[in-house]
Amino acid sequence: MENHSTELQGENKVSSGTQKLKNISSNILIGLLAVIIISMLFLLFQSRRTAGPPSIAGHQMYIVLSGSMSPTFKTGSVIFVKETDPTEIKAEDVITYTGHDGGGITTHRVVEVINEGPLKFKTRGDANNMDDPLPVPAQNVMGVVKLSIPLIGYLFSFARSKEGFLILLIVPGVILIISQAKTLIKHIKEAKAE
């Protein structure tokens, strides 16, 4: 009889440990979901309010739309660009700049710094065999790329659409609210039972 009782206690401890692990995992997942939702909402509203790219800690975020910098930055990556004094830019830095007509944003590697006359940069995409046709004037440089995260750009692009906004922000938000409501109801029932 004692052996059977010991086995049951052992099973209860394992079951209790498994339940605690499930609860901890669930709380971590909910916390991550909340952070992602809040971050995406912040970035979406910030970019709409400023009509420019979102920024975090002085770094502007851009989505890589072409493969000209592959394999360094693949299409769909998010790059973080830090505004930098053009005189500090050197060969091999990756810069983001506007086109000569003021439109279009490009990110390419500096292959040569031209100091004769006004400061300019000869650039080339890592996937390209030739330098870009025109040097980039220093005043067109927006900054130097400091970090990239692959594939996240697809998520941000999708989140900017109406469907994406609903699926990536509203649906997880509803799931988060329902999950927290269930937990609250469970704690109320436990408190009443005691």
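The values are calculated or read from the model by the stated rules, or taken from the named source; none is laboratory data. Model, not experiment: these values are computed from the prediction. The protein model used for the area step is the full one, side chains on, heavy atoms only, and it has no ligands, DNA or RNA in it. Shrake-Rupley method; radii C 1.70, N 1.55, O 1.52, S 1.80 Å.
Rg ratio for segment 55-194: its Cα radius of gyration over 2.2 N^0.38 Å, N being its residue count, equals 1.56.
Straight-distance candidates among the lysines for linking to residue 186, with alpha-carbon spacing under 20 Å and chain neighbours fewer than 8 residues away dropped: 20, 22.
For residue 192, a cut-off of 17 angstrom between C-alpha atoms picks up these lysines, skipping any fewer than 8 places away in its own chain: 182.
For segment 106-161, the C-alpha radius of gyration divided by 2.2 N^0.38 Å, with N the number of residues, is 1.44.
Rounded to a whole number, what % of the accessible area of segment 98-194 do carbon and sulfur atoms account for, probe 1.4 Å?
63 percent
Here residue 120 is the anchor, and the lysines within straight C-alpha reach of less than 22 Å, apart from those fewer than 8 places off in the same chain, are 82, 90, 146. Convex hull of alpha carbon positions in segment 67-136: directionally averaged projected area 5.0 nm².
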